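Q: The structure under discussion is supplied below as structure tokens; questions concerning it will follow.
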Amino acid sequence: MPDIVEINDLRKAYADGFEALKGVTLKIKQGEILALLGPNGAGKTTLISTVCGITTATGGTVKVGGHDTITDYRAARGMIGLVPQEINLEPFEKVISTVRFSRGLFGKPKDDAALEKILRQLSLWDKRDSQIRALSGGMKRRVLIAKALAHEPRVLFLDEPTAGVDVELRRDMWEIVAGLKADGVTIILTTHYIEEAEAIADRIGVIAHGELLLVEDKNKLMARMGKKQLQVHLTKPIDAVPASLVSDALTLSEDGSTLIYTYDTRAERTGITKLLSDVAAAGLVLTDLETSQSSLEEIFVDLLKEDAA
């Protein structure tokens, strides 16, 4: 698929010398879901705001659909939808009116059928004549998404879209995201819910201190950096790992009933066969074996630790 967003050496510095973005370069393919992970203050929102034209860059270029966001800003921004973190809506406006207004801002012709489809997708159709102030926080979040989709963008930015919403609404939102992807919409999201990124993203980007630490296919990243563990459950607890089994890769659980062996699935030899032989030779009897793969959250935390080192 072609690249629909091209970010080249993007920089954002403030008058006091603080650099929010330090030469970010990133290409995003049409129809993919990219999750940007990073701690608070990492530069996620600044990056999105700069691409969307809310913040002015101090260096670098951004193209959306081949349109430069500075020299051809109308065409570029017409392709972008943004769901911001903060809920900032006119409280006395009706749902249908505020969504209709957003469509008109981008010069799109009136199309109530298209707006009805969006509102129904977001379970807002029954609330179309309600004032914004009468809606719950979760419903207001849905209105933000409806506004972002009103002009039929090809690139959708979601900045912490499920922050503070309940589990059911979060699940509904990700179903909507999956539907948009199926329609060819490119989605870039920031989230603190790493399990969501793990579940729906095609690629993962990790940003810290205004720099991209990596951008990689989710599955390849987890295969490359994810560690696997073998848990050897013993019939009787032990006080310490026998001297014949002492290894940096082997630890004992707190209750002494499980040996935990960490290994790399990419290595030529995992060492599991020798471990089990050594366990038997040490006179230990096992009751069960269990393996587990490190999660994206663990990989993310490890990357940030490496960056801080």
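Q: Residue check, residue 217 against (1) assigned by TED's automatic domain parsing to the domain that holds residue 19; (2) exposed (fewer than 12 other Cβ atoms within 10 Å of the Cβ), all met but one. Which one?
A: Result: residue 217 fails condition (2) only.
Q: List pairs: first residue in the stretch 178-197 and free of Cβ contacts under 8 Å to residues at least 12 places away in the same chain, second residue of a type outside the set (A, V, I, L, M) anywhere in the structure, Cβ distance under 9 angstrom, at least six positions apart or on different chains.
A: These pairs meet every condition: 182/31; 183/31.
Q: Applying the selection to the stretch 79-97, what residues are outside any strand (DSSP E or B), surrounded by 13 or more Cβ atoms within 10 Å (Cβ to Cβ) and modelled with pLDDT of 95 or more?
A: 79, 93, 95, 96, 97
Q: Next question. Checking the structure you have, find out if any residue of the stretch 37-49 is in the same structural domain as residue 119 (by TED's automatic domain parsing), of a type in the set (A, V, I, L, M) and outside any helix (DSSP H, G or I).
A: Yes, some residue in the stretch 37-49 is in the same structural domain as residue 119 (by TED's automatic domain parsing), of a type in the set (A, V, I, L, M) and outside any helix (DSSP H, G or I).
Condition check ((1) under 19 Å from residue 81 (Cβ atoms); (2) assigned to a strand (DSSP E or B)) across all residues:
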| site | (1), (2) |
| --- | --- |
| 177 | yes, no |
| 184 | yes, no |
| 195 | no, no |
| 214 | no, yes |
| 223 | no, no |
| 236 | no, no |
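Q: Kindly establish whether residue 55 is surrounded by 14 or more Cβ atoms within 10 Å (Cβ to Cβ), part of a loop (DSSP other than H, G, I, E, B) and modelled with pLDDT under 95.
A: Against the criterion (surrounded by 14 or more Cβ atoms within 10 Å (Cβ to Cβ), part of a loop (DSSP other than H, G, I, E, B) and modelled with pLDDT under 95), residue 55 qualifies.
Q: Separate question: Find the residue count for the stretch 277-292, including only residues that are surrounded by 10 or more Cβ atoms within 10 Å (Cβ to Cβ) and out of contact with any Leu (no Cβ under 8 Å at 6 or more places or on another chain).
A: Counting residues in the stretch 277-292 that are surrounded by 10 or more Cβ atoms within 10 Å (Cβ to Cβ) and out of contact with any Leu (no Cβ under 8 Å at 6 or more places or on another chain) gives 5.
Q: Across the stretch 161-175, which residue is modelled with the lowest pLDDT among those that are crowded, with 18+ Cβ neighbours inside 10 Å and part of a loop (DSSP other than H, G, I, E, B)?
A: 165
Q: Based on this model, can you work out whether residue 262 counts as modelled with pLDDT under 90, part of a strand (DSSP E or B) and surrounded by 13 or more Cβ atoms within 10 Å (Cβ to Cβ)?
A: Against the criterion (modelled with pLDDT under 90, part of a strand (DSSP E or B) and surrounded by 13 or more Cβ atoms within 10 Å (Cβ to Cβ)), residue 262 qualifies.
Q: So, in the stretch 1-35, how many residues would count as being under 29 Å from residue 219 (Cβ atoms) and assigned to a strand (DSSP E or B)?
A: The total comes to 20.
Q: Among all residue pairs at least 6 apart or on different chains, which show Cβ distances below 6 Å where the first residue, located in the stretch 277-291, is of a type outside the set (S, T, N, Q) and the second is modelled with pLDDT of 90 or more and assigned to a loop (DSSP other than H, G, I, E, B)?
A: Final answer for the pair search is 285/235.
Q: Still on this structure, I have one more. What about residue 100, is it at pLDDT 95 or above and either in contact with a strand residue (DSSP E or B) (Cβ under 6 Å, 6 or more places away or on another chain) or farther than 30 Å from residue 218 by Cα (or both)?
A: yes
Q: Which residue pairs have Cβ atoms closer than 6 Å, lie 6 or more positions apart in sequence or on different chains, and pair a first residue in the stretch 198-211 that is under 15 Å from residue 41 (Cα atoms) with a second residue that is charged (D, E, K, R) and surrounded by fewer than 18 Cβ atoms within 10 Å (Cβ to Cβ)?
A: Listed pairs, sorted by first residue: 208/307; 210/19; 210/22; 211/22.
Q: Further, regarding this structure: Would you confirm, using the coordinates I've provided, whether residue 117 is of a type outside the set (S, T, N, Q), outside any loop (DSSP other than H, G, I, E, B), under 26 Å from residue 4 (Cα atoms) and touching a helix residue (DSSP H, G or I) at 6+ places or on another chain (Cβ under 8 Å)?
A: Judged against the criteria, residue 117 is not a match.
The values are calculated or read from the model by the stated rules, or taken from the named source; none is laboratory data. Bear in mind the structure is a predicted one, so any value in this text is a computation, not a measurement. Glycine gets a Cβ as well: all are built from the backbone with ideal geometry, and neighbour counts include every protein chain shown.
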